[in-house]
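Novice: Sharing a structure below in structure tokens format, with a few things to ask.
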Amino acid sequence: MNNDCSILCINTSLKDAYKCLWHYKWNHLFISFIAFLPFTIVGLLGLFDPFFLPRFSHEQVPVGYNLSFILYILTTYLWGIPCVILWHRLYLLGPEHLIRRKIWPIITRSFVLMSKVLFLVGLCVLLAIILVSMLAFAISYFNLNDSISDFIKLTDNEFIRYMAIISIAGLVTYLVFLRFSLAICARTIGKKIGLRTSWRLTEKNTFRMFLSFMVVFLPATALSIALIYLYQYTLGLDPFYSGETLDTITYIHIFILAPAITLPISAMCSQCASFYRHCGGEDCSGNA
């Protein structure tokens, strides 16, 4: 095993990530349409109607709502896991290794990746609870509840304070994700890097990885939003929220916009693949 922690070059990482995004742009289109295909099919069949049906909060849920909600989770969040694996395989192995005849490895890796995602979500929730508890303790310790003016001042800024707590918890969780990203990338291509090994390899690169990631992710997100807005403005429609049940043409528009919607996810996978190559992931693959 290589015990050296390679120092990440930000410029090299950025060039590698953007090069992959551009070079494999047509493959990105293919994966993005695969990602939205189940959602589009289920939507065209009308099975999402109970879930998207607008109603007042005091009204009872419509018949078939639970099934519709389960299908929504399956076709979006859960189906997104194997699609993320496909993006990683594209940027790590190339398009010739994108699809395998045996589907079982993709399924098992999806469960492994899902467990790591749930761990990170749990970490974010735990940090948020700790920070909220600290805020509540501070309010009690300084007797803010005993002062009407202080209490009013607190409630006026309460939303901002809790948003700050959520942002801090999300940032810390995201930094942990970057430290574990080598292990996640290795799993997507059938190799193995332990979480401790990934943590060690990225030890001196946390800030570099974060800066490099944001320089790729933020422009990709801005471009995604701009493309979606331009599409909506040109056609004079709003396919994402109309206040009504989504119709057939709306699902078709959303499917057409799939490459733009998934661009930030694709950029994230491309950047993580770059981290895997430049932080020593390839040298340690196969070692737990």
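Novice: Can you tell me which residues in segment 180-197 are part of a helix (DSSP H, G or I), within 20 Å of the chain's Cα centre (by Cα) and either at pLDDT 85 or above or within 16 Å of SER270 (Cα to Cα) (or both)? Before the answer, list the steps.
Specialist: Residues of segment 180-197 that are part of a helix (DSSP H, G or I), as a first pass: 180-188, 195-197.
This time we only want the ones that are within 20 Å of the chain's Cα centre (by Cα), so: 180-188, 195.
Hits for segment 180-197 are PHE180, SER181, LEU182, ALA183, ILE184, CYS185, ALA186, ARG187, THR188.
Novice: Looking only at segment 237-288, which residues are assigned to a loop (DSSP other than H, G, I, E, B), surrounded by fewer than 21 Cβ atoms within 10 Å (Cβ to Cβ) and at pLDDT 90 or above?
Specialist: The answer is LEU257, and nothing else.
Novice: Filter segment 258-269 down to the residues that are out of contact with any Ser or Thr (no Cβ under 7 Å at 6 or more places or on another chain) and either of a type in the set (Phe, Trp, Tyr) or more than 10 Å from PHE217 (Cβ to Cβ) (or both) and list them by number.
Specialist: Listed by number, the residues that qualify are SER266, CYS269.
Novice: Could I ask something else about it? Filter segment 192-215 down to the residues that are of a type in the set (Lys, Arg) and in contact with a strand residue (DSSP E or B) (Cβ under 9 Å, 6 or more places away or on another chain) and list them by number.
Specialist: Hit for segment 192-215 is LYS192, nothing else.
Novice: Going by what's in this entry, would SER212 be described as among the hydroxyl-bearing types (Ser, Thr, Tyr), closer than 24 Å to CYS83 by Cβ, part of a helix (DSSP H, G or I) and more than 19 Å from the chain's Cα centre (by Cα)?
Specialist: Here the answer is no, as SER212 does not meet what is asked.
The values are calculated or read from the model by the stated rules, or taken from the named source; none is laboratory data. Worth saying up front: this structure is predicted, and the values here are computed from it rather than measured. Positions of Cβ are backbone-derived with ideal geometry, glycine not excepted, and every protein chain shown enters the neighbour counts.
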